[in-house]
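The structure appears right after this line, and notes come after that.
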Amino acid sequence: MFSSYDGLCTIGELAEHAGVSVKTVRFYSDRGLLPEASRSAGGHRRYAPEAVERLAMIRSLRGLDLPVPEVRRILDEQDERDGAGAGGADGTGGALEDAVAGRLRLLGSELAALRWREAALRLVQECPATERPARLRLVGAVAAPPSTASLARFWRSWLPARMPARSVTAFLEAAVPHPPDDPRPAQVLAFARLHAFVTRPCDGRGGSSQPWAHGVAGARAPAVLYAGLAEAYDLAGGELRRGAEPAPGEALDGFVDAYARTYGAHDTPAFRRVLAGRLATDPRIDRYWDLTAEVISAPGGRPEPTPGSAHDWLLAALEEATA
């Protein structure tokens, strides 16, 4: 490949053959990615023919924007396989798979951030000029891509203190909306308002804002209640999706049963009347659920059910059944 008597080449010849600068070859050599075969009597670097293929591999990996440490791990793994007789200089292996997967995750996050920023900018651009400063402050308080940490903190402070961690996690999965990967400006606005709602000062999350069911005694009671409610909400969500009016049925039976089992009561007409009265006086956070529906629903389509809208549907069904 090279014209020298020993088959080796200088750094300049390697750079010319690979179509890169001498500075680039020196950079990779100094970082141990491109070993020298020897040095000339004058101290100049000399490379073996295999350096051309190795340099091409390095350039390909760097072209994928993989950092130098990741490139080194991939090449080291390849050298180990070659030394063990596994053959193949294609760079495939666990190190490459891990590096590519990690890079894809990072790019996914970067793309999500860009899409969110684009929608936020359109939101500011498209609103009346007099509203832009306030809207800019609103959306500017939300990171890109947005974090749901503030929403989770809101619910952790609202849920019963005795509630088991597993039950809390299950509830958060249902109650905390995940921002869409490709949001519309209206969804960005709804999420920004949701963030402002849960982080506003004096938001009334004191003891007086707790539902009466949170006062039930016993360590297992909250877990029993919320597990039962989750099943009832799922059933009610199906009814909401098909546009059904609130009515007695399996969803309502499960809803009432969750409260009855929590309090050690029986599902009787008398219990249902008492339950309807107590639930009707519970504090409400309708604003949270309305905004959540805006975040998770496709613009222009039917609102996606939330635990809040499912609860309202079930309560209306209960009131109708006990009227």
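Side notes on the structure shown:
- Within the range 278-300, residues that are farther than 14 Å from His195 by Cβ sit with their Cβ atoms under 6 Å from residues that are among the aromatic types (Phe, Trp, Tyr), at 6+ positions apart or across chains, in these pairs: Arg278/Trp212.
- Just one of the listed residues (Leu55, Leu14) is aliphatic (A, V, I, L, M), touching a strand residue (DSSP E or B) at 6+ places or on another chain (Cβ under 8 Å) and crowded, with 19+ Cβ neighbours inside 10 Å, and it is Leu14.
- Wholly within the range 117-212, helices (runs of 4 or more DSSP H) carrying at least 3 residues that are modelled with pLDDT under 90, of a type in the set (A, V, I, L, M) and over 27 Å from Leu279 (Cα atoms): none
- As for the range 109-129, it holds at least one residue that is touching a residue at least 24 places away in the same chain (Cβ under 8 Å), within 30 Å of Arg62 (Cβ to Cβ) and in contact with an Asp or Glu (Cβ under 6 Å, 6 or more places away or on another chain).
- Cβ-Cβ distances below 6 Å connect the following pairs, each with a first residue in the range 219-234 that is outside any helix (DSSP H, G or I), a second residue that is open to solvent by 30 Å² or more (accessible area, probe 1.4 Å), and a separation of six or more residues or different chains: Ala219/Arg162.
- Filtering the range 235-263 to residues that are farther than 20 Å from Arg302 by Cα, part of a helix (DSSP H, G or I) and not small (Gly, Ala, Ser) leaves Glu250, Leu252, Asp253, Phe255, Val256, Asp257, Tyr259, Arg261, Thr262.
- Candidate set from the range 100-132 (those that are under 16 Å from the mean Cα position of the chain (by Cα) and open to solvent by less than 30 Å² (accessible area, probe 1.4 Å)); member that is farthest from Ala190 (Cα to Cα): Gly102
- Look at (1) of a type outside the set (Ser, Thr, Tyr); (2) modelled with pLDDT under 95; (3) more than 20 Å from the chain's Cα centre (by Cα); (4) open to solvent by 50 Å² or more (accessible area, probe 1.4 Å) and you find that Asp234 fails only one, number (2).
- Matching entry among Ala149, Ala141, Ala165 (being farther than 19 Å from Pro305 by Cα and over 19 Å from the mean Cα position of the chain (by Cα)): Ala165
The values are calculated or read from the model by the stated rules, or taken from the named source; none is laboratory data. The model shown is predicted, which means the values in this text are computed figures rather than measured ones. Using ideal geometry, Cβ is built from the backbone for each residue, glycine included, and neighbour counts are taken over all protein chains shown. Areas reflect the complete protein model, heavy atoms only, side chains present, ligands, DNA and RNA absent. Shrake-Rupley method; radii C 1.70, N 1.55, O 1.52, S 1.80 Å.
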